[in-house]
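K.L.:
Below is one structure. I have some questions about it.
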Amino acid sequence: MALRDTLEFLLHDWLRVGDLSSRPRFADHSRETFDAVLDTCERIAREKFAPFNRLVDTEEPRFDGEKVIQPAATKAAWDAYAASGMLSAAQDHAAGGMQLPYVLESAANVFFAKGSISIGGSILTVGNANLLMAHGTPLQKQVFAANEFNGRFSGTMCLSEPQAGSSLSDITTRAVPDGADHASDPLGPRYRLRGNKMWISAGEHELTENIIHLVLAKIPGPDGQLVPGVKGISLFIVPKKLVDTQGRLTGERNDVALAGLNHKLGWRGITNTLLNFGEGKFPVRGQGGAGIDGAGAGAIGYLVGQPGDGLRCMFHMMNEARIGIGMAATALGLAGYEAALDYARNRPQGRPVGPSGKDPSQPQVRIIEHADIKRMLLAQKAYSEGALALILYCARLVDEQHTGTPEAADEARMLLEVLTPIAKSWPSEFCLEANSLAIQVHGGYGYTRDFPVEQYWRDNRLNMIHEGTHGIQAADLLGRKVMMEGGRGLKLLAQRIDATIARALHQPELAAHANALAQALQQVGATTKAAWASGDPREALANAVPYMQAFGHLMLAWLWLDQLLAAPSHEGRRRATRYFFHYELPRIDAWLRVVASRDPTCADMPEDAF
Ligand SMILES: Cc1cc2nc3c(=O)[nH]c(=O)nc-3n(C[C@H](O)[C@H](O)[C@H](O)COP(=O)(O)OP(=O)(O)OC[C@H]3O[C@@H](n4cnc5c(N)ncnc54)[C@H](O)[C@@H]3O)c2cc1C
């Protein structure tokens with residue numbers, strides 16, 4: 001089934017997004033406007049993204065000492081995306097946006113991510129600008145966010161440092177007030193920042209007039225020391241080039257310098273950078289060399305929100321950022337599946353085994369006729385299309401959280417707390433596995449650069465690492481999310497799953513699936529309790545990843561069955577659901593067993609026994 005058809009089914013027949021038009025925020029929308037957005041995005045992705053996916057992989061960004069050089073196609077893709085209005089799709093009409101539901105924005109972005117995951121980099125710019133819309137002053141919104149939404153500026157998220165990735169409490173970038181008048185700068189309280197930020201995506205390039213870095217840094221206490229932990233972390237806007245209150249470039253270069261480009265396994269269409277803030281390479285506003293150790297006074301940055309509130313501001317945007325990562329992983333899974341299906345339909349190899357063995361006088365068959373190839377294709381279909389349903393389900397909850405009745409919005413918030421780590425991690429793991437299977441379907445050819453599947457796998461390998469690693473997401477799920485508010489998120493999910501089970505039990509052909517789902521739900525609930533039975537987080541969390549894998553499989557089984565209820569006679573969906581229930585769902589037994597018994601095999605392994 002073509003991606004567009006799958007999306008139409010999920011959006012309209014399953015999630016009934018048309019109902020959103022009855023809400024004041026989306027009143028100007030209809031099936032026609034939704035279709036028009038999908039048409040435009042599908043076309044731009046086809047024309048400006050997909051044809052250049054291999055080019056941006058082979059022509060990695062390079063630095064000539066002054067500028068980062070990337071293929072012209074990268075700029076053309078950025079410009080086309082910006083011109084489509086998708087950067088500001090969700091914004092108010094008054095601010096030049098479309099007031100598009102987030103679920104539609106996510107669906108439309110699948111076309112771009114599938115065409116070329118790394119050519120755009122727009123997800124960061126939108127995330128950066130959205131954060132400013134939530135926490136910035138009116139002038140910060142107007143000067144920075146508005147110019148990101150119109151594509152003039154782009155944005156980054158500068159959290160990680162060479163020594164602080166998963167543990168952001170250990171960042172050492174410091175920010176000190178910039179002069180006696182620092183509090184009265186119209187762009188926000190002005191600080192000087194010094195430190196190094198590692199892994200910063202789109203940290204340097206020539207695609208836009210300016211780059212707006214959002215930087216986490218610590219303001220030292222009165223004793224000059226940095227406050228340990230996350231409480232001391234604040235958030236700053238640090239533009240690459242300084243601007244005035246009208247958003248015009250002042251001609252001053254801020255002291256943000258590219259220390260080097262990271263050379264990555266995949267996602268090579270976007271730069272990844274080590275940035276030095278305030279080390280004196282670009283002395284700014286007459287204080288060059290005036291730093292404490294003569295290394296520069298610092299890059300100029302404007303505080304966002306309150307001091308010490310930086311991580312909270314960042315995390316405000318995490319749900320959408322993490323759903324975005326899940327969407328990226330899903331799109332790559334879908335791309336690999338499409339390529340593998342096409343290859344399997346055309347590659348003749350081998351002969352079927354009949355009751356008396358193989359008959360070499362018969363012509364070869366296409367590999368799609370072998371059961372094992374069908375197994376691998378079905379797995380890819382079940383993983384990728386299932387992940388797409390999960391992502392859009394979560395995106396629809398985001399719309400509910402923003403525009404639903406207070407009760408529905410609160411329920412959506414709670415469900416998203418639990419589902420977001422799954423939406424980020426399950427596609428990152430299983431759509432990566434789908435890409436590995438796509439290579440396997442291609443045999444040796446899949447291992448070469450003559451076919452696209454090896455790149456999909458390399459591109460997808462990132463998603464288990466950034467935006468919170470797999471291990472960190474799993475600890476968040478089992479350590480925090482399923483326990484929050486007395487386990488309310490889990491209870492709400494169970495109610496929704498039970499409703500699906502009850503409907504499926506009315507259809508004889510779905511009853512076996514319904515019963516298997518009920519049993520899996522019961523197992524996950526019981527295991528959650530068993531994991532925490534001793535109340536010791538070291539024991540409970542030692543097997544957090546297998547817990548997350550099982551939880552994710554439960555979600556996928558549920559969503560496959562729920563989709564089937566919306567289209568019970570759809571052959572492809574019926575078969576994928578059956579595959580998931582017969583081959584995948586039983587795997588949760590093994591995953592949950594070690595969680596429930598708080599198996600210490602890994603935790604107790606002595607280091608010197610490795
Ligand atoms: C291509 C790319 C793009 C990126 N883009 C950005 C960006 O734009 N902005 C930005 O700020 N960052 C970015 N990152 C950084 C990314 O978020 C970090 O790499 C990630 O958070 C992990 O940090 P780390 O690399 O320091 O690994 P570490 O934190 O050192 O983790 C190494 C391993 O240890 C595990 N681990 C760590 N702590 C624990 C723990 N307490 N319990 C159990 N296991 C643990 C991790 O799960 C992981 O498997 C990017 C990274 C990459 C590779």
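K.L.:
Magnitude of the Cβ-charge dipole of the chain, K/R +1 and D/E -1, about the Cα centre, nearest 20 debye?
P.N.:
540
K.L.:
Using only alpha carbon pairs under 8 Å that are at least six residues apart, calculate the relative contact order of the chain and give it in whole percent.
P.N.:
11
K.L.:
Using a probe radius of 1.4 Å on heavy atoms only, what accessible surface per residue do you get for the chain? Whole Å² is fine.
P.N.:
Heavy-atom accessible area per residue stands at 41 Å².
K.L.:
Moving on to the next point. Under a point-charge model restricted to the Cβ atoms of Lys and Arg (+1) and Asp and Glu (-1), what is the dipole moment magnitude of segment 371-523 relative to its Cα centre, in debye to the nearest 20?
P.N.:
220
K.L.:
Follow-up question, since we're still on this one. Roughly speaking, to the nearest percent, how much of segment 477-610's 1.4 Å accessible area is carbon and sulfur?
P.N.:
So the carbon and sulfur contribution to the accessible surface is 55 percent.
K.L.:
List the trypsin sites (Lys or Arg not before Pro) in segment 412-519 that DSSP assigns to loop (not H, G, I, E or B) and whose Cβ has at most 13 other Cβ atoms within 10 Å. Which are they?
P.N.:
Sparse-neighbourhood loop trypsin sites (Lys or Arg not before Pro): 449.
K.L.:
Computed over the Cα atoms of segment 126-211, what is the ratio Rg over Rh, Rh following Kirkwood?
P.N.:
0.99
K.L.:
Could you give the C-alpha radius of gyration of segment 343-429 expressed as a fraction of 2.2 N^0.38 Å, taking N as the number of residues it contains?
P.N.:
In units of the 2.2 N^0.38 Å rule of thumb, it is 1.84.
K.L.:
Relative to the first principal axis of the alpha-carbon coordinates of the chain, what is the inclination of helix 31-44, with its axis defined by its Cα atoms, in degrees from 0 to 90 and to the nearest 10?
P.N.:
Computed tilt is about 80 degrees.
K.L.:
Would you please give the FRET efficiency between residue 480 and residue 402, computed as 1/(1 + (r/R0)^6) with r the Cβ-Cβ distance and R0 = 25 Å, to the nearest 0.05?
P.N.:
0.65
K.L.:
Using a cut-off of 11 Å between beta-carbons, work out the net charge of the residues near residue 453 (Lys and Arg +1, Asp and Glu -1, residue 453 not included).
P.N.:
Charge balance in the 11 Å sphere: -3.
K.L.:
Moving on to the next point. Helix-derived [θ] at 222 nm for the chain: sum -39500 (n - 2.57) over DSSP H runs of at least 4, divide by residue count, nearest 500?
P.N.:
Only helices count here, giving -15000 deg cm²/dmol.
K.L.:
Counting only protein chains, not ligands or nucleic acids, how are 476, 372, 28 ordered by accessible area (probe 1.4 Å), most first?
P.N.:
In descending accessible area the options line up as 28, 372, 476.
K.L.:
With 49 Å as the cut-off, how large is the P(r) tail for the chain, expressed as percent of Cα-Cα pairs?
P.N.:
13
K.L.:
Where the accessible area of segment 148-222 is counted over protein heavy atoms with a 1.4 Å probe, how much of it, in %, is carbon and sulfur?
P.N.:
That share works out to 56 percent.
K.L.:
Still on this structure, I have one more. Given a 1.4 Å probe and every protein chain left where it sits, what share in percent of the accessible area of segment 264-377 is carbon and sulfur?
P.N.:
Answer for segment 264-377 is 52 percent, counting heavy atoms of protein chains only.
K.L.:
Same structure again: Determine the dipole magnitude for segment 517-610: charges of +1 sit on the beta-carbon of Lys and Arg, -1 on that of Asp and Glu, nothing else is charged, the reference point is the Cα centre, and the result goes in debye to the nearest 20.
P.N.:
In total the dipole reaches around 560 debye.
K.L.:
Tell me which GluC sites (Glu not before Pro) from segment 193-274 have a DSSP coil assignment and no more than 16 other beta carbons within 10 Å of their own.
P.N.:
Sites meeting the loop and neighbour criteria: 206, 209.
The values are calculated or read from the model by the stated rules, or taken from the named source; none is laboratory data. Predicted, not measured: the structure shown is a model, and the values here were computed from it. Counting neighbours? That spans all protein chains shown, and the Cβs are built from the backbone with ideal geometry, glycine included. Ligands, DNA and RNA are excluded from the accessible area calculation, which covers all protein heavy atoms including side chains. Shrake-Rupley method; radii C 1.70, N 1.55, O 1.52, S 1.80 Å.
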